[in-house]
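Below you'll find the structure, written out as structure tokens, and then a few comments.
The values are calculated or read from the model by the stated rules, or taken from the named source; none is laboratory data. No experiment lies behind these values; they were computed from the predicted model shown. When we count neighbours, we look across all protein chains shown, and the Cβ atoms used for this are built from the backbone with ideal geometry, even at glycine. Only protein heavy atoms, including side chains, enter the accessible area calculation; ligands, DNA and RNA are left aside. Shrake-Rupley method; radii C 1.70, N 1.55, O 1.52, S 1.80 Å.
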Amino acid sequence: MSVITSFSSHRRTDVLVLTPWLAPIVWNDTYNLAVLNAQFHQRNVCVGITIFATKKRKMKGNSRIYTVFVPTFIETGEKYFMVGHKVNYYVFTDRVSDIPIMEMAEGRQMRVLRVPTYQRWQDVSMRRMEMLRDYSHQRFRGEVDYLVCVDVDMRFSDEVGVEILSDLFGTLHPGMYGAKREHYTYERNPQSEAYIPFDEGDFYYAGGYFGGNIEEIYKLTNFCHDAMMADKDKNIEAVWHDESYLNKYFLYHKPTKVLSPEYLWYNGFGTPAFLRRKRFLAVWKNHQEIRN
Ligand SMILES: CC(=O)N[C@H]1[C@@H](OP(=O)(O)OP(=O)(O)OC[C@H]2O[C@@H](n3ccc(=O)[nH]c3=O)[C@H](O)[C@@H]2O)O[C@H](CO)[C@H](O)[C@@H]1O
Ligand SMILES: [Mn+2]
């Protein structure tokens, strides 16, 4: 295939494919995976993907035991995530014995990391920043080239490959896609470290999907954790917890790539025309299902 022919099938006119600071927004039909795979194989890249699965969280009357999400996450990850590349799954948990040993393809492994948990689910979610920061500093630096940091209550349902990798990337929140800036659910309290004024902000990014190289993830998580601690001292907690601080960070440290909602979707949002693929879907499990 000539370069021209292969280019013509990698073009989108129905969606924004470039940010105002010239970072690609990754959608299906904007890239050639074979070209990218060759580049990343040449560099022999190893990708770390982090998930947290600790104790319980009560929500809308249902109790969710987060370790239950791990097998599906990994099984679907083996099918769709960075296929053909070296991958380390890092599972942070307070219940090491609840994490099954799972079959991995060659060059891929699972590492279970014992961490403390917190009483409030908000703290569990927010403290991920601190743990990611500490592990980036102490461990990830020597083991992987990139980190992908995601929620565990998810499953892969289509390819997620090296097209997402960049020094620093964030993901458009599917619930805020197409919303007006003033409707973004940024933290609006000027006293909070996560504060974003109504006339600022580029996109609304999801708390449950960001990544980059280890140095950038260290800086991001360090900022977010410090900001959360500063707020805690003032008795403030931002409206969407870690997600609010992440949005603040990205406002002043622009991501070098932005992932479209293909990379984070909820089936309840249907299938709009712009969404040619659903690659990573939120899983809803109720108490009954989890028990059986
Ligand atoms: C897809 C997405 O953008 N999700 C974000 C959204 O969360 P969600 O409402 O999807 O929150 P969630 O219940 O998935 O909690 C976030 C994550 O924390 C972990 N966890 C939480 C509670 C617990 O008891 N044990 C445990 O392990 C687990 O990995 C979980 O996936 O808003 C949160 C802040 O409000 C976070 O920013 C999430 O990243
Ligand atoms: Mn979640």
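Condition test on Val150, is it open to solvent by 30 Å² or more (accessible area, probe 1.4 Å) and of a type in the set (A, V, I, L, M)? The answer is no for Val150. The conditions of being over 15 Å from the mean Cα position of the chain (by Cα), open to solvent by 20 Å² or more (accessible area, probe 1.4 Å) and within 14 Å of ligand 1 (Cβ to nearest atom) are met by Asp123. Residues in the range 21-57 that are within 19 Å of Leu259 (Cα to Cα) and aromatic (Phe, Trp, Tyr) were compared, and the one that is surrounded by the most Cβ atoms within 10 Å (Cβ to Cβ) is Trp27. Taken together, Glu143, Glu200 contain a single residue that is touching a residue at least 12 places away in the same chain (Cβ under 8 Å), away from ligand 1 (no atom under 15 Å from the Cβ), open to solvent by 40 Å² or more (accessible area, probe 1.4 Å) and under 22 Å from Val70 (Cα atoms), which is Glu143.
Of the residues making up the range 176-232, those that are in a helix (DSSP H, G or I), of a type outside the set (Val, Ile, Thr) and more than 16 Å from ligand 2 (Cβ to nearest atom) number 19.
The set of residues in the range 126-173 being more than 11 Å from the chain's Cα centre (by Cα) and among the β-branched types (Val, Ile, Thr) consists of Val144, Val160, Val162.
Here Leu281 does not qualify as in contact with a helix residue (DSSP H, G or I) (Cβ under 7 Å, 6 or more places away or on another chain), farther than 28 Å from Asn189 by Cα and part of a loop (DSSP other than H, G, I, E, B). When we screen Phe52, Phe140 for residues that are within 15 Å of ligand 2 (Cβ to nearest atom) and either within 27 Å of Val239 (Cβ to Cβ) or in a helix (DSSP H, G or I) (or both), the only hit is Phe52. When Gln109 is tested against the conditions (1) open to solvent by 40 Å² or more (accessible area, probe 1.4 Å); (2) in a helix (DSSP H, G or I), the lone failure is (2).
Let's see how each residue does on (1) within 16 Å of ligand 2 (Cβ to nearest atom); (2) without any contact (Cβ under 8 Å) to a residue 60 or more places away in the chain; (3) hydroxyl-bearing (Ser, Thr, Tyr):
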position: Arg120; (1), (2), (3): yes, yes, no
position: Arg128; (1), (2), (3): yes, no, no
position: Asp134; (1), (2), (3): no, yes, no
position: Val152; (1), (2), (3): yes, no, no
position: Phe156; (1), (2), (3): yes, no, no
position: Leu165; (1), (2), (3): no, no, no
position: Leu168; (1), (2), (3): no, no, no
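Look at Asn235 and say whether it is under 23 Å from Glu143 (Cβ atoms) and either of a type in the set (A, V, I, L, M) or away from ligand 2 (no atom under 16 Å from the Cβ) (or both). So Asn235 does not fit the description; no. Being of a type in the set (D, E, K, R), open to solvent by 10 Å² or more (accessible area, probe 1.4 Å) and at pLDDT below 95: is that true of Lys285 here? Judged against the criteria, Lys285 is a match. Of all residues in the range 63-90, those being free of Cβ contacts under 8 Å to residues at least 60 places away in the same chain, crowded, with 16+ Cβ neighbours inside 10 Å and not in a helix (DSSP H, G or I) number 5.
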